[in-house]
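I have placed the structure first, in the form of structure tokens, so that the comments after it can refer back to it.
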Amino acid sequence: MKLASLKHGRDGKLVVVSRDLQRCLDATAIAPTLQFALDDWDSIRPQLQDLSRRVETEGENFDETQCASPLPRAYQWADGSAYVNHVELVRKARNAEMPESFWTDPLMYQGGSDSFLGPHDDILMADEAWGIDFEAEVAVVTGDVPMGISAAKAGDFIELVMIVNDVSLRGLIPGELAKGFGFFQSKPSSAFAPVAVTPDELGDTWQNHKLHLPLLSELNGEAFGKPDAGIDMTFDFAALIAHAAKTRPLAAGTIIGSGTVSNKLDDGPGKPIEDGGAGYSCLAEIRMIETIQHGAPQTSFMKFGDRIRIEVRDTTGVSIFGSIDQTVVKYTG
């Protein structure tokens, strides 16, 4: 089943979307919003599934440019760092050793979730000097998760899968981390692709609580990254959910992110696509590798007018979630 939220008020208007993303049916008679559906998922999901069967042969034209993020705002957005290769490169670039515990205990931060961007909304920024970066990630939406859930059982609470551009301001991160209190200004509003899908919709490409497909990023129309989201993921989504729920329950509609998807190459840092690698899911990673190899980064962060497109295609080449397609635009207030 595929679900989307058309732009409408604060929380969108829920629609069910066909597998080929060509048609949709209004679901508001069943659930006005996706959060409403998640709050009573066990009883509402079967009704949405009935609508999902109908949308394959009927419905209105689906225009993903009219979509908000599937959850335009959420009770919780917790982003992990499941691809430890990415973390290792970050630390190596600043000559810092990575603690051994990072391989057994995931990193996670609590992000702002009150104002997600639509998948085709501009990224408004006041200053290029803030170091504007995209981060292509996979995310899941949970049902109600009890506190202290084990990783062995946490996967049962994954209700939906999404992809996300977790926008980061690299120039502001060091100063915030130096305060010892985590991210805030350096993590502005994120954007999710138009469509959220149930795990069964992914077939064999969803295994062991991981999405086993390339996550595609295009920067200004050029292929930038195609790492396989199922490779080099040290912590699967069940492990991330269990980590988040160690000391608190998670409310239905909680979003858990994977962190930047990153693949190694021959057990070393990845390479650009043009050099035979899988490329990268953020600019910071190629800058890290440039720093390691050349002593300084050669690639700039995003400038006003730059465009990022992120999507996942199934094994036949059809887009699964629709696209995140955003342009960086100067914010003038």
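Once the chain from E58 to Q207 is taken as fully extended at 0.36 nm per residue, the excess over their C-alpha distance is 50.5 nm.
Divide the volume of the convex hull around the Cα atoms of the chain by the residue count and you get 136 Å³ per residue. Take R307: with every protein chain present and a 1.4 Å probe, its accessible area is about 110 Å². Largest GNM mean-square fluctuation among G317, G225, G279, using the chain with Cα springs under 10 Å: G317. So how far, in whole Å, is the C-alpha centre of segment 106-147 from the one of segment 305-327? A separation of 16 Å, based on Cα centres.
Our coupling estimate for segment 106-122, obtained by passing each phi through the Karplus curve with A = 6.51, B = -1.76, C = 1.60 and θ = phi - 60°, is x, 7, 7, 10, 9, x, x, 10, 8, 8, 5, 7, x, x, 10, 7, 5 Hz, Gly and Pro reported as x.
Note on the chain: with a GNM built from Cα contacts shorter than 10 Å, the maximum mean-square fluctuation among P106, P199, P174 falls on P174.
Applying the Kirkwood pairwise sum to the alpha-carbon positions of segment 57-160 produces a hydrodynamic radius of 17.4 angstrom. Heavy atoms of the protein only, probe of 1.4 Å, neighbouring chains included. What is the accessible area of T260 in Å², nearest 10? Probe radius 1.4 Å; accessible area of T260 about 0 Å².
A straight Cα-to-Cα reach below 13 Å connects K179 with none of the aspartates and glutamates, residues fewer than 8 places away in its own chain not being considered.
In order along segment 275-285, phi translates into HN-Hα couplings of 9, x, x, 8, x, 9, 10, 6, 6, 4, 5 Hz, rounded to whole numbers, per the Karplus curve 6.51 cos²θ - 1.76 cosθ + 1.60 with θ = phi - 60° and x for Gly and Pro. Solvent-accessible surface (1.4 Å probe) assigned to H8 amounts to roughly 120 Å². Amide H to amide H, which residues 5 or more places from L213 or on other chains are under 5 Å from it, using H placed in the peptide plane? Correct list: A229, G230. Computed about its Cα centre, the charge dipole of segment 130-274 is approximately 620 debye, with only Lys, Arg, Asp and Glu carrying charge at their Cβ. If you sort E56, E285 by accessible surface, 1.4 Å probe, largest first, the order is E56, E285. Under a model in which nothing but the beta-carbon of Lys, Arg (+1) and Asp, Glu (-1) is charged, the chain shows a dipole of about 600 debye around its Cα centre.
For the set K264, K153, K303, K2, the ranking by accessible area, highest first and with no ligand, DNA or RNA atoms included, is K153, K303, K264, K2 under a 1.4 Å probe. Among S186, S101, S258, the largest mean-square fluctuation in a Gaussian network model of the chain (Cα springs under 10 Å) belongs to S101.
Under a 5 Å amide H cut-off, with hydrogens placed 1.01 Å from N, S81 pairs with L107 among residues at least 5 apart or on other chains.
Name the residue farthest towards the positive end of the dipole of segment 100-173 from the options M147, F116, I132, assuming +1 on Cβ of Lys and Arg, -1 on Cβ of Asp and Glu, about the Cα centre. In segment 100-173, that residue is M147.
Remark: relative contact order (the chain) = 23 percent; criterion is Cα-Cα distance under 8 angstrom and separation of 6 or more residues. Checked against a 30 Å cut-off, the cross-linked pairs K13/K246; K13/K226; K226/K303 give Cα-Cα distances beyond that limit for K13/K246; K13/K226. Among L107, L202, the order of accessible area from largest down is L107, L202, computed with a 1.4 Å probe on protein heavy atoms. Report the normalised scattering of segment 99-217 as log10 I(q)/I(0) at q = 0.22 Å⁻¹, calculated by the Debye formula with identical scatterers on the alpha carbons. Debye intensities relative to I(0), on a log10 scale: -1.38. What the phi angles of segment 40-45 give under the Karplus curve with 6.51, -1.76 and 1.60, with θ = phi - 60°, is a coupling list of 9, 4, 4, 8, 8, 4 Hz, glycine and proline written as x. Within the chain, DSSP assigns beta bridges of which about 90% are antiparallel (rounded to the nearest 5). Look at where the Cα atoms of segment 1-72 and of segment 231-299 average out, and the two centres are 30 Å apart.
Does anything in segment 252-282 have its amide N under 16 Å from the 7 Å Cα→Cβ label point of T299, and if so which residues? Within reach of a label on T299: 260-265, 269-282.
The values are calculated or read from the model by the stated rules, or taken from the named source; none is laboratory data. Since this is a predicted model, take the numbers as computed values, not measurements. Heads up, the Cβs are rebuilt from the backbone with ideal geometry, glycines too, and the neighbour counts pull from every protein chain shown. The accessibility values were calculated without ligands, DNA or RNA, using every heavy atom of the protein model including side chains. Shrake-Rupley method; radii C 1.70, N 1.55, O 1.52, S 1.80 Å.
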